[in-house]
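K.L.:
One structure coming up, written as structure tokens, with questions to follow.
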Amino acid sequence: ATMRTNGTAAAFMATATVASGAPLSLTWVSDIAAAGSVCSSSTGLCRSYVHMVYAATPSDVTNMLMGGGSYTVDGVAVAGKDAVFERHLVNGICVDNSAGEGECTQMGDSQMWNYGYEATSLYDGSGEPSVPSQVCMDVWMKDMVDGTNATLSTRCVDMGEPTMVSGDNTDGSILTSLVGDYSTAATHVCSEVAGTCRTNIHVVFTAATAEITNTMLSGGAYSLDGGLTWTGQGGTAYYEQHTDDSSGAMYQALQYDVDLLATAGGTVPTQACWKVWVMDSATTEVAWLGDNGEAGNCMDVCDSLTYFHNYDGYMAPCTSA
């Protein structure tokens, strides 16, 4: 492990064309375990959620992986679901240790995945809501190229007391915010062994609905030629399974991600742009990140990887002198 402070990212640039050759391995991000329940007497619903993240380190970072898992909710086994690839590549993990200091561990080139839990239940506004008190997760992964498998140790999280909400969450409109460069990345890396290049866009953002228990839909488009042409192929948007309080409103965390594989030797993108929308599924109101979807948001594409939650931002290897 390496202790990190701001301004040191340039010393940790990765050579993105090196394949480890080692069997698939998995690593929990130890300081991420968002969990809780939010109940609204206005909608008569409770939403419970858990958000956990892990790194999958394959023999080659351009390999295709598949994953899934299962849950134990208050001691009862529950069928699981597919794991979610965050379309984000890293070469290590930074966490906040017990002393509140940033500590980073370098790894092989890795893919970031999450495994979340979500449940919606009825709530009549009186008495204690029927929501989980503890959720445990078991996760497995399979490398579809070299055939190796890996599992993670069982991880449990206490859900805490539910947050009770009686009024509107916003003034009736959707509020959105881009998390920023700290959690946003655009990378293009190639494997000399596989002869394959992987292009990724990873955008993390939050949005608040009029009612906190309303679900959200999201989508978008991206450009790899500075905004001249746009497409949605290879892109996806989804709810991260956690909700955070900010300035009196409860915001849902979402991502818009792109993952593209191509044979090495093709066009190398230098700038990535994206346009992302969210819709309140109850009111059908739509909001866009930034400029209402006109010009979009753009950033340079980086050809080096860095730590997950690098304190200088994911683009530090390409922006630090």
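The values are calculated or read from the model by the stated rules, or taken from the named source; none is laboratory data. As the structure is a computational prediction, the values presented were derived from the model and not from experiment. Because the Cβ atoms are built from the backbone with ideal geometry, glycine has one as well, and the counts that use them run over all protein chains shown. In case anyone asks, the SASA skips ligands and DNA or RNA and just uses the protein heavy atoms, side chains included. Shrake-Rupley method; radii C 1.70, N 1.55, O 1.52, S 1.80 Å.
K.L.:
For Val268, indicate whether it is β-branched (Val, Ile, Thr), at pLDDT 90 or above and part of a strand (DSSP E or B).
P.N.:
Numbers: β-branched (Val, Ile, Thr): yes; at pLDDT 90 or above: yes; part of a strand (DSSP E or B): no.
The answer is no for Val268.
K.L.:
Could you look through segment 282-321, keep only residues that are among the small types (Gly, Ala, Ser) and either open to solvent by less than 20 Å² (accessible area, probe 1.4 Å) or under 21 Å from the mean Cα position of the chain (by Cα) (or both), and pick out the one that is farthest from Ala186 (Cα to Cα)? Steps first, answer last, please.
P.N.:
First, the residues of segment 282-321 that are among the small types (Gly, Ala, Ser): 282, 287, 290, 293, 295-296, 304, 313, 316, 320-321.
Adding the requirement that they be either open to solvent by less than 20 Å² (accessible area, probe 1.4 Å) or under 21 Å from the mean Cα position of the chain (by Cα) (or both) leaves 287, 290, 293, 296, 304, 313, 316.
Working: Ala287: 23, Gly290: 18, Gly293: 19, Gly296: 14, Ser304: 10, Gly313: 12, Ala316: 11 Å.
Out of the qualifying residues, it is Ala287.
K.L.:
Go over the candidates Ser247, Ser218 one by one and state the one that is within 20 Å of Gly116 (Cα to Cα) and of a type in the set (S, T, N, Q). Give the steps one after another, and end with the answer.
P.N.:
Details: Ser247 fails: within 20 Å of Gly116 (Cα to Cα).
The conditions single out Ser218.
K.L.:
One residue is enough: does segment 170-177 have a residue meeting the conditions closer than 30 Å to Thr27 by Cβ and either surrounded by fewer than 20 Cβ atoms within 10 Å (Cβ to Cβ) or small (Gly, Ala, Ser) (or both)?
P.N.:
Let us first name the residues in segment 170-177 that are closer than 30 Å to Thr27 by Cβ, namely 177.
After this cut, where a residue has to be either surrounded by fewer than 20 Cβ atoms within 10 Å (Cβ to Cβ) or small (Gly, Ala, Ser) (or both) as well, the list is 177.
Yes; the residues of segment 170-177 include at least one that is closer than 30 Å to Thr27 by Cβ and either surrounded by fewer than 20 Cβ atoms within 10 Å (Cβ to Cβ) or small (Gly, Ala, Ser) (or both).
K.L.:
Which of the residues that make up segment 266-279 are open to solvent by less than 30 Å² (accessible area, probe 1.4 Å) and either of a type in the set (A, V, I, L, M) or within 20 Å of the chain's Cα centre (by Cα) (or both)?
P.N.:
Filtering segment 266-279 for residues open to solvent by less than 30 Å² (accessible area, probe 1.4 Å) gives 269, 272-274, 276, 278.
Scanning segment 266-279 gives Ala272, Cys273, Trp274, Val276, Val278.
K.L.:
When segment 212-248 is examined, which residues are found to be buried (at least 19 other Cβ atoms within 10 Å of the Cβ) and part of a loop (DSSP other than H, G, I, E, B)?
P.N.:
Ile212, Thr213, Asn214, Leu224
K.L.:
Every residue in segment 189-211 that is among the hydrophobic types (A, V, I, L, M, F, W, C), within 30 Å of Gly167 (Cα to Cα) and either touching a His at 6+ places or on another chain (Cβ under 9 Å) or surrounded by fewer than 22 Cβ atoms within 10 Å (Cβ to Cβ) (or both), please.
P.N.:
Hits for segment 189-211 are Val204, Ala210.
K.L.:
Taking the residues in segment 35-77 that are in a loop (DSSP other than H, G, I, E, B) and hydroxyl-bearing (Ser, Thr, Tyr) as candidates, determine which candidate is nearest to Thr151 (Cα to Cα). Show your work before the answer.
P.N.:
First pass over segment 35-77, keeping only residues in a loop (DSSP other than H, G, I, E, B): 41-44, 58-64, 74-75.
Within this subset, residues satisfying the condition of being hydroxyl-bearing (Ser, Thr, Tyr) are 41-43, 59, 62.
On the way: Ser41: 40, Ser42: 41, Thr43: 39, Ser59: 16, Thr62: 20 Å.
The selected residue is Ser59.
K.L.:
Further, regarding this structure: Quick check on Gly80: is it farther than 24 Å from Asp245 by Cβ, open to solvent by less than 60 Å² (accessible area, probe 1.4 Å), assigned to a loop (DSSP other than H, G, I, E, B) and modelled with pLDDT of 95 or more? Steps first, please.
P.N.:
Details: farther than 24 Å from Asp245 by Cβ: yes; open to solvent by less than 60 Å² (accessible area, probe 1.4 Å): yes; assigned to a loop (DSSP other than H, G, I, E, B): yes; modelled with pLDDT of 95 or more: no.
The answer is no for Gly80.
K.L.:
Here is a list: Cys156, Cys136, Cys104. Which entry is open to solvent by less than 20 Å² (accessible area, probe 1.4 Å), at pLDDT 95 or above and outside any loop (DSSP other than H, G, I, E, B)? Spell out the reasoning first.
P.N.:
Working: Cys156 fails: open to solvent by less than 20 Å² (accessible area, probe 1.4 Å); Cys104 fails: at pLDDT 95 or above.
On inspection, the qualifying residue turns out to be Cys136.
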